[in-house]
Amino acid sequence: MNPVLFGLCGAALIAIGLYGLMVRSHLLLRLLGFNIMGSGIFLLFGSLAARTPGPLDPVPLAMVITGIVVALAATALGLALAVRLYEHTGAVVLPDEADEADLAREEGSDGGVVR
């Protein structure tokens, strides 16, 4: 197969994951976007390993394997934090910054700003 096609698919996955990470306020959807973006990066590294004819370059492949393990640990941590957030607040949706500012004004605090 053509490594350029894999590179373009990896770039598309990175863009889709970044969009999901930036637009969604639900924590699990953001975690899904983070994982899609990571998969795109792994695919991009794999396509970089196959860019030359002959044997594959082992360094990008080792980085992909290491990245998969780190992504698994980060996903487990994110899911554990989402469960704790749900137990504490009863929701898994992150508040907007505007909502936090309104809440801080209602409480009379300055939102932790040091002056």
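The values are calculated or read from the model by the stated rules, or taken from the named source; none is laboratory data. Keep in mind that what you see is a predicted model, and the values were worked out from it rather than measured. Heads up, the Cβs are rebuilt from the backbone with ideal geometry, glycines too, and the neighbour counts pull from every protein chain shown.
Would region 48-70 turn up any residue that is in contact with a Gly (Cβ under 8 Å, 6 or more places away or on another chain) and either among the hydroxyl-bearing types (S, T, Y) or modelled with pLDDT of 95 or more (or both)?
No - not one qualifying residue is present in region 48-70.
Taking the condition of being without any contact (Cβ under 8 Å) to a residue 40 or more places away in the chain and surrounded by fewer than 19 Cβ atoms within 10 Å (Cβ to Cβ), how many residues in region 21-35 meet it?
Of the residues in region 21-35, 6 are without any contact (Cβ under 8 Å) to a residue 40 or more places away in the chain and surrounded by fewer than 19 Cβ atoms within 10 Å (Cβ to Cβ).
Against the condition under 27 Å from I16 (Cα atoms), modelled with pLDDT of 95 or more and part of a helix (DSSP H, G or I), how does A98 come out, does it pass?
No.
What single numbered condition from (1) surrounded by 18 or more Cβ atoms within 10 Å (Cβ to Cβ); (2) not in a helix (DSSP H, G or I); (3) not acidic (D, E) fails to hold for T52?
The one condition T52 does not meet is (1).
Looking at V70, V92, which one is touching a residue at least 60 places away in the same chain (Cβ under 8 Å) and more than 16 Å from G7 (Cβ to Cβ)?
That would be V92, the only listed residue that is touching a residue at least 60 places away in the same chain (Cβ under 8 Å) and more than 16 Å from G7 (Cβ to Cβ).
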